[in-house]
């Protein structure tokens with residue numbers, strides 16, 4: 001993995017080149033489709049390229065150098081991620097993404113500026129859904145290109161199986177997430193934590209870290225034992241990643257996260273953090289919290305009250321302890337996995353990033 005310092009640069013260049021290539025195809029249909037290309041570029045620009053890095057790190061457990069077709073595979077994961085974010089923002093009714101308007105809000109503005117018939121909200125939602133679908137198509141196309149250039153057919157097939165399973169898992173997890181936001185009135189509070197943990201695993205943990213690591217390693221020809229080790233590393237790191245995200249969704253600095261303070265509270269996210277807090281609250285306090293969660297009109301004082309409740313119940317400290325436990329578990333597996341020194345260092349750096357990230 002001697003070339004890992006250039007990974008992000010190479011992924012950025014590949015994504016830009018791919019979108020430029022597809023621009024002529026899309027605009028050949030109609031110039032009215034220009035916003036699809038413009039917004040695709042916007043949502044694919046910048047970022048930490050976290051999933052691409054994980055895929056390349058997985059491949060790096062098997063090889064020192066990173067060929068272009070592996071960059072294709074890693075880049076495809078970033079395009080898939082962009083599609084997921086576009087759809088996620090629609091479901092969450094989020095106005096912003098990384099401090100800028102979300103896709104459906106951009107299309108809503110386009111509708112207003114153009115003076116078209118109907119409502120901007122409907123147009124924005126429908127158009128963003130289609131943008132997400134287009135990005136999914138782009139992702140699958142680029143992933144297939146990367147695999148087709150592999151000389152190891154069985155490794156390419158194994159990587160494809162992992163990619164397909166990832167898409168099933170994240171879709172299932174997303175559905176479970178929206179169920180939890182609505183099913184809470186009839187869910188036994190004793191089951192809330194288990195249900196929230198299941199969402200963490202399938203919506204985020206597997207998709208964010210475990211699957212990219214395994215996709216890359218499988219393409220590199222990793223053994224079953226090595227893939228098992230990477231799953232045992234990736235899943236706890238993925239859990240820690242999402243639990244940190246849950247904390248940022250409540251306590252994060254908007255200037256850093258690009259989201260309003262307490263946004264997850266206004267969206268009514270039934271996270272592990274919420275479940276842990278409610279385990280410690282009396283029935284009356286639980287009812288009050290339930291009434292506030294999901295209220296889009298929550299003011300700063302109400303957000304501060306909920307934040308204080310989450311802190312005072314010890315839920316924040318418990319969540320931090322779980323994050324530490326999951327990272328320690330991953331580090332233990334890394335130490336025993338027997339990967340090359342560069343890969344081991346990269347995995348340890350990943351564990352550090354997951355536990356300490358601020359956005």
### Message
Counting only helical runs of four or more DSSP H residues, what would the 222 nm mean residue ellipticity of the chain come to if each run contributes -39,500 (n - 2.57) and the total is spread over all its residues?
### Response
-24500 deg cm²/dmol
### Viscosity 0.692 mPa s, temperature 37 °C, Stokes-Einstein D of segment 112-269 from Kirkwood C-alpha radius, µm²/s
179
#### Entry: All-pairs Cα distance distribution in segment 1-149, expressed in whole percent, bin size 10 Å
11, 39, 31, 14, 4, 1
### Query
For the chain, what's the relative contact order in percent, using C-alpha pairs closer than 8 Å and at least 6 residues apart?
18
### Query
For the peptides 216-227, 25-36, what is the packing order when you average, over each peptide's residues, the other Cβ atoms within 10 Å and list the highest mean first?
216-227, 25-36
### Query
When ranked by the protection proxy of mean other Cβ atoms within 10 Å per residue, highest first, what sequence do the peptides 276-285, 244-253 form?
244-253, 276-285
### Query
What's the center-to-center distance, using Cα atoms, between segment 32-91 and segment 213-261 in Å?
15
### Query
What number, in percent, do you get for the relative contact order of segment 1-149 if the mean sequence gap of Cα pairs under 8 Å and at least 6 apart is divided by its residue count?
27
#### Entry: Listed peptides 138-146, 349-357 by packing density, highest first (mean Cβ within 10 Å)
138-146, 349-357
### Task
Mind giving me the nanometre distance, one decimal, between the label points for residue 304 and residue 328, set 7 Å out from Cα along Cα→Cβ?
3.6
### Message
Just want the ordering: 160, 182, from fewest to most Cβ atoms lying within 10 Å of their own Cβ.
### Response
182, 160
#### Entry: Cα centroid separation, segment 331-359 to segment 174-205 (Å)
29
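A short reminder: the numbers here are calculations on the coordinates, not readings from a lab. This one's a predicted model, so the numbers in the text were calculated from it and none came from an experiment. Every residue, glycine as well, gets a Cβ built from its backbone with ideal geometry; the counts of neighbours run over all protein chains shown.
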